[in-house]
1. Say whether the condition of being at pLDDT below 85, closer than 30 Å to residue 49 by Cβ and either in a loop (DSSP other than H, G, I, E, B) or in contact with a helix residue (DSSP H, G or I) (Cβ under 8 Å, 6 or more places away or on another chain) (or both) is met by at least one residue in segment 116-124.
2. Restricting attention to segment 74-84, and to residues there that are buried (at least 17 other Cβ atoms within 10 Å of the Cβ) and either modelled with pLDDT of 85 or more or out of contact with any helix residue (DSSP H, G or I) (no Cβ under 7 Å at 6 or more places or on another chain) (or both), which single residue is nearest to residue 39 (Cα to Cα)?
3. Out of everything in segment 34-50 that is more than 13 Å from residue 114 (Cα to Cα) and over 14 Å from the mean Cα position of the chain (by Cα), what residue ends up being modelled with the lowest pLDDT?
4. Any idea which of (1) at pLDDT below 85; (2) outside any strand (DSSP E or B); (3) surrounded by fewer than 21 Cβ atoms within 10 Å (Cβ to Cβ) is the one residue 127 doesn't satisfy?
5. Of the conditions (1) on the phi > 0 side of the Ramachandran plot; (2) touching a strand residue (DSSP E or B) at 6+ places or on another chain (Cβ under 9 Å), residue 38 satisfies every one except a single condition; which number is it?
6. Which of the following residues is exposed (fewer than 13 other Cβ atoms within 10 Å of the Cβ), under 13 Å from residue 54 (Cα atoms) and more than 20 Å from the chain's Cα centre (by Cα): 133, 101, 97?
7. Restricted to segment 51-73, and to residues that are over 15 Å from the mean Cα position of the chain (by Cα) and farther than 16 Å from residue 129 by Cβ, which residue is surrounded by the fewest Cβ atoms within 10 Å (Cβ to Cβ)?
8. Only one of these conditions is not met by residue 77: (1) over 16 Å from the mean Cα position of the chain (by Cα); (2) assigned to a loop (DSSP other than H, G, I, E, B); (3) over 19 Å from residue 41 (Cα atoms). Which number is it?
C-alpha cells in the first residue's frame, strides 16, 4: 500500500495541491478483499484538464506488503487484466462445462503477489478501463 500511495502522490503532485492530493486518493482509491487477498483499485489522473485517467488494480504482497518490492505490470496494447486473470494474478479461472457457475475461481499459489505487491495498469490510454473523452488522447499515447 505504501508504494501505491507514493506512486499516486508523485503523479498527483504534478496535477494537484497537497490538499487536493489527499482528497483525490481518499475519494478515488477503493480497498477491498476477496479470498484473503487485499486489493486496491481506482484511477490515476494523467491530465485533469483533459479528463484522462489510467485504471489500476494493486494486489498487496501475501508475504510482507510493507517491505516487499512493487512490480508494475503493463500488458502492452491491451488491458493488463489479461495478465492479472490469465497469467500471473492471484486467481485461476477455470471454465466449468456444467455451466453453473460458468467459471471456477481458485487461488493461484504461484502468483507474483506471493512475494511482491503487483500493480496492473491499463496502458496505453483507451485500453481496458482507462479512458479519455477526446479521441486524440488515444492517438498520442502509443
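1. Looking for residues that are at pLDDT below 85, closer than 30 Å to residue 49 by Cβ and either in a loop (DSSP other than H, G, I, E, B) or in contact with a helix residue (DSSP H, G or I) (Cβ under 8 Å, 6 or more places away or on another chain) (or both), one finds at least one in segment 116-124, hence yes.
2. 84
3. 48
4. (3)
5. Failing condition for residue 38: (1).
6. 133
7. Only one residue tops the list, namely 67.
8. The failed condition is (1).
The values are calculated or read from the model by the stated rules, or taken from the named source; none is laboratory data. Just so we're clear, the structure is a prediction, and the values are computed from it rather than from any experiment. With ideal geometry, Cβ positions are generated from the backbone for all residues, glycine too; neighbour counts draw on all protein chains shown.
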